[in-house]
Amino acid sequence: MKKWAELALGVVTSMGGFLEVGSIATGVQGGASFGFQLGWALLLGTICLAILMEATGRLAAVSGRSYADLLREHMGIRFFIVPLVAVLIPSFLVLVSEIGGVAIALQMATGIAFRWWAIPIALVGWFLLWRGTFSIVEQGTAMLGLVSLVFLVAVFKMHPEWSAIGAGLVPSRPDNDKAKYWYLAVSILGASISPYLYLFYSAGALEDGWTIKYLNVNRITAGVGNLFGGGLALMVLVGSAIVFMPRNIQVDAYEQISLVLATPLGRGGFVLFLVTLFITCFGATVEITLANAYLLAQGFGWPWSENMKPAKDARFATTYTVVILLACIPIALGADPLKLTNISMVISAASLPVTVIPLLVLMNDERVMTTHSNGWLGNIALGSIAILAVALFVLAAPLYHLGGG
Amino acid sequence: MPLPTLAHLTAAANGPRAHRAWVSAVLCVTLATMGCAKKDYKSETGRTRAWTATLELARQQHGLRATNDAVTRQLLDRAIEARAKEEPLLAHYAKSDSERVAARGVLDSLQQQIRQLEQATR
Amino acid sequence: MKDGLDLRHDVQDAQLVDRNSENIGRCDALMLELRDGKPPRVATIVIGGAARNERIGRWMTGLARLFHGRGDGSDGVSRVPFSAMKTVGDTIQLDVRRGELPSEHVEQWLAEHFVCRIPGAQGKKERRK
Amino acid sequence: MSREVALHHLLGRTVRDPNGRKVGRIEELRARIELQEARSDYVVAEFHVGSFGAIEGLAGAHFARLLLHRLGRLAPYTSHSIPWDRIDLSDPRNPRTRDSLEELKAKSAASGSA
């Protein structure tokens, strides 16, 4: 019974925590410009994320250590600095975008310009981190995040051609605007596979006290939970495709996105969109802030835990305090949240190789994984993700030049 | 023979060069991403038409009371902003007389939508 | 314990904990004493400071100099004799107290001057079940 | 007389034999406990010198190598375990073995660890 509750909680957590500013923005832009055609990028991104989370979760459950901890120990400080910087920079930018998402939701609800909301949001997020425990931060925001199911309702109400949606899950070449198509594919992938997600997940496994007994919970949480979450993100893309594409609306501002739900569901849909944007971005804000603090604390061997009193892990608590306060500054200065989101997703995609490739090696190190190291199937999967990651690293910048902005 | 571990692999690359190459690669990507997308006549008319369509949808939803006044006003502001930005861009990219006429038409219909939505919100 | 210690794999960069199993940083550098006619002795574990910066690269040393100015780089460095090592496993336990280590001064300073001045720093957080 | 040297200054150094030929790079130092009257110390017992310099830092090469290895031991990786007293560290920047490359290879083959 308890096991089932744990499984359900895991699935709900990954599902409710899946949507955030990046998946909403890239999904809507993809749907508006190319209909259902980019569904495959979302599917691919979700599968990659599920595999990476399963691997880092297994790593944590078997070794009792987080991915960042093992990276530092096995790469040495000299090489650890590379993934450290390559994760900190994009995840900080994504964090800024998430704060922007929350601020835009509040702007749309109240009419007060988003920049005034940046500091209050950072303070509320900080307060949650300061006083809350790990399960409140993770599961609390994920539960509320289930409000994002409204996208599923909206899509059902519009009676899409499901076979056409299915056809979009198979990659195909665009008829026109090739650069934009591939740029959007890269940003959808970047939004789905953020390094902070699996670093947070492996630290979270330790916060929740996972042991080797949790391998099944890990498998289901990472696999089923993310597939459901990816399904929700697909609904965002589909909804946008149905509402925007026939009208030739391109998405240049977050305010436009509210029309995706207002059109089929009326006022209720509009309000629920604002709530979804607010909750999911806020959840991601606190999670990314924590992920940055975990990465530094584990990399440098400081005491860390969201379940400890801040006085007991002062460097860790100071880190998340500084990170969240710094991240609200660009929004308070009026940076365009959508432009920022687009840039962050591309940089995030480009940063993947330095965290994916070492994972492949660690998962095969029997000194770390004992009898639970990767089998050939796991190696093919992770190896393919590593190749994809290198491709994204090479292609991200040129595609942004040609198709983005 | 022991299989190599992460530590062995990084040990071999102890020279500072390999490391610096990584850092500069990451920096290059970061800097290169700060660029901007390609713009031309076609992309800018598309963008302007998209705002016209957005306002049409916004007016419709406003009429149905599906959205609040705040969002309608923000969309209006964004559209006015976009029109001000597109006008000189289209003047720059329109190369032939027919393109100039078409661009004028696109901008005018956006202006018309702006006016209509302004009236609807009043 | 297995036969011998692999200094790179088991010791360098390992997570260090004190007598009370609290995290006290990582083995940023390991000093060996070369002796004539005798095998090199594993002498000291170094935590923090110049040794770590040097391992990261010359740019880090330069960066640290930029911030700390004239300091000789010995501030905040702990040098623990290897004989203080109690156990080696996933972490290395050293027979020291966290409060005694110069590399932990930052933690104490932050706790005293920043964290504990904010309300709620000592408030209750539930332990997980 | 004793001198201090940092482990990270030794790791990655190229080791040469008395004739100046490259043996490999220092990859690992194995220490063993040395019991004495008053206290016990860890001392370095042997140096692992391997040829990983050839495929610097390429983590992916792990699999390429694994594959090659399975496909008939074509892997170019060689390594030697050299006891502490067979390596000359009087200049820690230029460690030298006391045995020639041939002798090292013979020893490795004899202990079956090549």
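The values are calculated or read from the model by the stated rules, or taken from the named source; none is laboratory data. These figures come from a predicted structure and were not determined experimentally. Positions of Cβ are backbone-derived with ideal geometry, glycine not excepted, and every protein chain shown enters the neighbour counts. With ligands, DNA and RNA removed, areas are computed over all heavy atoms of the protein, side chains included. Shrake-Rupley method; radii C 1.70, N 1.55, O 1.52, S 1.80 Å.
Side notes on the structure shown:
- Number of the condition not met by residue A:397 [criteria: (1) crowded, with 16+ Cβ neighbours inside 10 Å; (2) more than 10 Å from every other protein chain (Cβ to nearest Cβ)]: (2)
- Residue in segment D:36-53 that is most open to solvent (accessible area, probe 1.4 Å), counting only those that are assigned to a strand (DSSP E or B) and closer than 12 Å to residue C:83 by Cα: D:40
- No other residue among A:58, A:78 is in a helix (DSSP H, G or I), out of contact with any Asp or Glu (no Cβ under 7 Å at 6 or more places or on another chain) and within 14 Å of chain B (Cβ to nearest Cβ) apart from A:78.
- Condition met for residue A:203 (surrounded by fewer than 22 Cβ atoms within 10 Å (Cβ to Cβ) and in a helix (DSSP H, G or I)): no
- Matching entry among D:81, D:90 (being open to solvent by less than 70 Å² (accessible area, probe 1.4 Å), more than 22 Å from residue C:54 (Cβ to Cβ) and either in a loop (DSSP other than H, G, I, E, B) or at pLDDT 55 or above (or both)): D:81
- Condition check for residue D:101: within 14 Å of chain B (Cβ to nearest Cβ), under 27 Å from residue C:34 (Cα atoms) and at pLDDT 85 or above: no
- Within the set B:120, B:102, B:79, the sole residue that is touching a residue at least 12 places away in the same chain (Cβ under 8 Å), more than 17 Å from the chain's Cα centre (by Cα) and closer than 20 Å to residue B:60 by Cα turns out to be B:120.
- In segment A:279-377, counting only helices (runs of 4 or more DSSP H) that sit wholly within it, the ones holding 2 or more residues that are within 14 Å of chain C (Cβ to nearest Cβ), free of Cβ contacts under 8 Å to residues at least 12 places away in the same chain and under 25 Å from residue A:79 (Cβ atoms) span A:366-369.
- Enumeration of residues in segment C:87-129 that are among the basic types (Lys, Arg) and either without any contact (Cβ under 8 Å) to a residue 60 or more places away in the chain or in contact with a His (Cβ under 8 Å, 6 or more places away or on another chain) (or both): C:117, C:124, C:125, C:127, C:128, C:129
- Hey, residue A:16 open to solvent by less than 20 Å² (accessible area, probe 1.4 Å) and at pLDDT 95 or above or not: no
- Checked against the criterion of being in a helix (DSSP H, G or I), in contact with an Asp or Glu (Cβ under 6 Å, 6 or more places away or on another chain) and more than 14 Å from chain B (Cβ to nearest Cβ), segment A:179-194 has no qualifying residue.
- Test: residue A:144 is closer than 30 Å to residue A:314 by Cα, modelled with pLDDT of 95 or more and touching a helix residue (DSSP H, G or I) at 6+ places or on another chain (Cβ under 8 Å): no
- Which numbered condition residue A:136 fails, given (1) open to solvent by 10 Å² or more (accessible area, probe 1.4 Å); (2) within 17 Å of the chain's Cα centre (by Cα); (3) farther than 26 Å from residue A:352 by Cα: (2)
- Subset of segment A:142-173 [in a loop (DSSP other than H, G, I, E, B) and in contact (Cβ under 8 Å) with a residue 24 or more places away in the chain]: A:158, A:160, A:169, A:170, A:171, A:172
- Residue within segment A:388-398 that is of a type in the set (Phe, Trp, Tyr) and at pLDDT 95 or above present: no
- Among the residues of segment C:91-129, those that are under 17 Å from residue C:22 (Cβ atoms), within 8 Å of another protein chain (Cβ to nearest Cβ) and surrounded by 15 or more Cβ atoms within 10 Å (Cβ to Cβ) comprise C:106, C:107, C:110, C:111, C:115, C:125.
- Segment D:2-54, residues that are within 12 Å of chain B (Cβ to nearest Cβ), out of contact with any Asp or Glu (no Cβ under 9 Å at 6 or more places or on another chain), among the small types (Gly, Ala, Ser) and under 17 Å from residue D:87 (Cβ atoms): D:24, D:51
Listed here are the residues, each with its yes/no results for (1) in a helix (DSSP H, G or I); (2) of a type in the set (Phe, Trp, Tyr); (3) open to solvent by less than 80 Å² (accessible area, probe 1.4 Å).
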position	(1), (2), (3)
B:74	yes, no, yes
B:95	no, no, no
B:103	yes, no, yes
B:111	yes, no, yes
B:119	yes, no, no
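- Hey, residue A:388 in contact (Cβ under 8 Å) with a residue 12 or more places away in the chain, in contact with a Gly (Cβ under 9 Å, 6 or more places away or on another chain) and farther than 30 Å from residue A:120 by Cβ or not: no
- For segment C:1-60, the set of residues classified as among the aliphatic types (A, V, I, L, M) and more than 14 Å from chain A (Cβ to nearest Cβ) consists of C:1, C:31, C:32, C:34, C:42, C:43, listed by residue number.
- In segment C:61-72, the condition of being modelled with pLDDT of 95 or more and within 14 Å of chain A (Cβ to nearest Cβ) is met by no residue.
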